[in-house]
Amino acid sequence: MLRKLLPTVFVKMLQMVYFAYFYTQISYGIIFWGSSSSVRNVFIIPNKAIRIMLRLGSRSYYREGFKKLDILTVPCLYIYALMLLAVKYLNIYQINSSVHSMNTRQQNKLHIPLVRLSSVQRSVH
């Protein structure tokens, strides 16, 4: 789709098409599938889109394109989504100072409970 629009529209329009089509599909449910092994396939999609939008070659460096177009990479999008989730449900988490009474530098950080199962360790919460 981007290749067809490339000769007729400006980069700003391509950026809007990216956010309307690719970004919505990448960000949908990223909290749940972001830590799976199949996310590697999704990493490739924004890279190709950046190269098309900026008319870069297939072997050229594309990292600066994310900054130039104000687009988050997939790992940054995953971290951002997790942070939004943590802020939204901040009331279900405990702070280190509520777990123990020692006055430490980490007393205001979130307490991560110890769990045994790896499926629980890799879960969203």
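Data table
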read-out: Protection-proxy order for peptides 72-79, 39-46, each taking the mean of Cβ atoms within 10 Å per residue, highest first; value: 72-79, 39-46
read-out: Leading residue at positive end of dipole, the chain (Cβ point charges), from Ile26, Leu117, Thr8; value: Thr8
read-out: The chain: relative contact order as a whole-number percent, Cα under 8 Å and 6+ apart; value: 23
read-out: Computed [θ] at 222 nm, helices only, for the chain once each DSSP H run of length n ≥ 4 contributes -39500 (n - 2.57); value: -13000 deg cm²/dmol
read-out: Lysine pairs meeting the criterion (Cα under 23 Å, 8 or more apart or interchain), as found in the chain; value: 9
read-out: Backbone HN-Hα couplings from phi across segment 7-16 [Karplus 6.51/-1.76/1.60, Hz, Gly and Pro as x]; value: x, 10, 10, 7, 5, 4, 5, 5, 5, 5
read-out: On Cα atoms only, tilt of 39-53 relative to the major axis of the chain in degrees; value: 40
read-out: Dimensionless Rg/Rh of segment 62-109 - Kirkwood Rh, Rg from C-alpha atoms; value: 1.24
read-out: Global geometry of segment 1-64, whether rounded, prolate or oblate, following the gyration tensor of its Cα atoms and the 1.5 cut on a/c; value: oblate
read-out: Which labelled figure in (i) 19.6, 64; (ii) 18.4, 79; (iii) 21.7, 63 is Rg and Dmax of the Cα atoms in Å, once derived from the coordinates; value: (i)
read-out: Debye, to nearest 20: dipole size of the chain, +1 on Lys, Arg Cβ, -1 on Asp, Glu Cβ; value: 420
read-out: Positive-pole candidate from Ile71, Asn96, Leu56, dipole of the chain, charges at beta carbon; value: Leu56
read-out: Under-5 Å amide H pairs with Ile95, H placed in peptide plane, nonlocal only; value: His111
read-out: For segment 76-91, Karplus couplings with θ = phi - 60° (6.51, -1.76, 1.60), whole Hz, Gly/Pro x; value: 5, 5, 5, 5, 4, 5, 5, 5, 4, 5, 5, 5, 5, 10, 5, 6
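Coordinate-derived values only; no laboratory data. Just so we're clear, the structure is a prediction, and the values are computed from it rather than from any experiment. Heads up, the Cβs are rebuilt from the backbone with ideal geometry, glycines too, and the neighbour counts pull from every protein chain shown.
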